[in-house]
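Novice: Questions regarding the structure given below will be posed in turn.
The values are calculated or read from the model by the stated rules, or taken from the named source; none is laboratory data. Predicted, not measured: the structure shown is a model, and the values here were computed from it. In this analysis, Cβ positions are derived from the backbone assuming ideal geometry, glycine residues included, and neighbour counts consider all displayed protein chains.
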Amino acid sequence: MSSSILRLGPRAFSADDRVVMAIVNRTPDSFYDAGRTFAEDSALVAVDAAVDAGAEVVDIGGVKAGPGEDVDLGEELRRTVDFVALVRERHPQVVISVDTWRHQVAEAVCSAGADVINDAWGGYDPEVAHVAGQFGAGLVCTHAGGATPRTRPHRVEYQDVVGAVADFLTAEAARAEAAGVGSDRILIDPGHDFGKNTRQSLTLTRELRQLTATGRPVLVSLSNKDFVGETLDVPVGERLVGTLAATAISSWLGARVFRVHEPRETRDVLTMVQAIAGAREPAVARRGLA
């Protein structure tokens with residue numbers, strides 16, 4: 001079982017810390033930005049902006065999560081490896097995560113300086129955990145309901161979605177430890193929208209304490225997702241408020257890492273929640289004191 005300290009690359013985070021992981025898509029067809037950060041120079045600007053906004057982690061992805069044009073191994077490597085090396089040189093203290101399900105990509109990006117492998121497809125390639133162990137990297141273990149990468153859920157059913165997710169992630173984290181990943185470098189992600197419909201994702205958010213109670217640091221990837229859009233009946237460009245509401249609830253219930261498209265707004269929400277919880281002081285305190 002992991003300790004309360006989470007170690008990712010050059011950083012160590014306590015149980016009271018709330019960590020922002022900023023998404024940087026090296027894809028031409030991202031659902032969120034439609035290729036805005038596909039070009040290398042644009043992606044570097046996005047990394048700089050995320051770090052300035054308070055993100056401790058940048059999560060680089062070379063393949064769109066949803067269905068789309070085929071991205072073979074060689075193309076994913078071209079989109080990620082050299083870029084990881086550039087970010088490593090530019091920001092020595094930032095934690096670099098790479099979103100991939102392929103062990104060949106995991107090995108190449110770790111060699112280039114990545115600190116974390118974000119395995120968003122639930123161990124589809126079991127060798128990913130061995131690569132993380134070999135390099136001393138962090139690993140995000142995600143519940144995707146057994147889905148094949150880049151497919152959408154269709155009439156997926158669970159007798160108990162929270163129990164199924166907790167059982168899978170507990171076993172997946174134990175498998176990662178057996179593969180050599182340090183217990184203080186493993187995160188678990190319930191996988192909102194991955195192998196789940198909107199009601200199931202809402203239930204996981206509401207019952208998140210059942211996952212934080214496992215003792216594993218919980219990462220949530222809520223940003224602008226379909227469960228937010230369907231709950232509010234709004235398109236991608238109008239999901240920020242709903243995302244931040246889910247972020248505040250998840251932080252209150254114990255999630256520790258937040259994978260987001262809007263790092264500055266997320267940092268403000270997390271700071272406010274931490275202050276209300278008594279985990280940090282206000283930045284200034286003048287009212288009623290002068």
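Novice: What number of residues within the range 63-77 satisfy the criterion of being in contact with a strand residue (DSSP E or B) (Cβ under 8 Å, 6 or more places away or on another chain) and more than 14 Å from ALA120 (Cβ to Cβ)?
Specialist: Summing the residues that are in contact with a strand residue (DSSP E or B) (Cβ under 8 Å, 6 or more places away or on another chain) and more than 14 Å from ALA120 (Cβ to Cβ) in the range 63-77 gives 0.
Novice: Next up: Find the helices (runs of 4 or more DSSP H) located wholly in the range 179-290 whose residues include 1 or more that are in contact with a His (Cβ under 6 Å, 6 or more places away or on another chain) and among the hydroxyl-bearing types (Ser, Thr, Tyr), and list them.
Specialist: Those helices (runs of 4 or more DSSP H) span 198-206.
Conditions tested, residue by residue: (1) surrounded by fewer than 16 Cβ atoms within 10 Å (Cβ to Cβ); (2) modelled with pLDDT of 95 or more; (3) over 17 Å from the mean Cα position of the chain (by Cα); (4) on the phi > 0 side of the Ramachandran plot.
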| position | (1), (2), (3), (4) |
| --- | --- |
| LEU211 | no, yes, no, no |
| ASP233 | yes, yes, yes, yes |
| THR243 | no, yes, no, no |
| ALA246 | no, yes, no, no |
| PRO282 | yes, yes, yes, no |
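Novice: Turning to a different aspect of this structure: For the range 1-62, which fully contained strands (runs of 3 or more DSSP E) count at least 2 residues that are at pLDDT 95 or above and buried (at least 22 other Cβ atoms within 10 Å of the Cβ)? Step through it out loud before you land on a result.
Specialist: Working: elements: 6-8, 11-13, 19-25, 57-61.
Filter on the range 1-62 gives 6-8, 19-25, 57-61.
Novice: Among the residues of the range 111-128, write down those that are within 18 Å of PHE258 (Cα to Cα) and of a type in the set (D, E, K, R).
Specialist: Those that are within 18 Å of PHE258 (Cα to Cα) and of a type in the set (D, E, K, R): ASP115, ASP119.
Novice: Filter the range 174-193 for residues that are of a type in the set (A, V, I, L, M, F, W, C) and farther than 18 Å from VAL116 by Cβ; which is surrounded by the fewest Cβ atoms within 10 Å (Cβ to Cβ)?
Specialist: Among those residues, the one meeting the criterion is ALA178.
Residue-by-condition table, conditions (1) surrounded by 17 or more Cβ atoms within 10 Å (Cβ to Cβ); (2) of a type outside the set (D, E, K, R); (3) in contact with a Ser or Thr (Cβ under 9 Å, 6 or more places away or on another chain):
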position: ARG90; (1), (2), (3): no, no, no
position: ARG152; (1), (2), (3): no, no, no
position: GLN159; (1), (2), (3): no, yes, no
position: GLY163; (1), (2), (3): no, yes, no
position: GLU172; (1), (2), (3): yes, no, yes
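Novice: Here are some residues: LEU208, LEU270. Which one is out of contact with any Pro (no Cβ under 7 Å at 6 or more places or on another chain), farther than 21 Å from ARG11 by Cβ and touching a residue at least 12 places away in the same chain (Cβ under 8 Å)?
Specialist: Checking each option against the conditions leaves just LEU208.
Novice: Let me ask something additional. Taking the stated definitions as given, is ILE117 within 17 Å of the chain's Cα centre (by Cα), crowded, with 23+ Cβ neighbours inside 10 Å and farther than 20 Å from THR148 by Cα?
Specialist: For ILE117, the condition - within 17 Å of the chain's Cα centre (by Cα), crowded, with 23+ Cβ neighbours inside 10 Å and farther than 20 Å from THR148 by Cα - is not met.
Novice: Further question on the same structure: Give the range 1-60 a look and list any residue that's within 22 Å of ALA279 (Cα to Cα) and free of Cβ contacts under 8 Å to residues at least 12 places away in the same chain, or say none. Before the answer, list the steps.
Specialist: Let us first name the residues in the range 1-60 that are within 22 Å of ALA279 (Cα to Cα), namely 2-8, 11-21, 53-57.
Within the range 1-60, SER4, ALA12, SER14 qualify.
Novice: Among the residues of the range 135-147, count how many are surrounded by fewer than 15 Cβ atoms within 10 Å (Cβ to Cβ) and either touching a His at 6+ places or on another chain (Cβ under 6 Å) or modelled with pLDDT of 95 or more (or both).
Specialist: Matching residues across the range 135-147 total 1.
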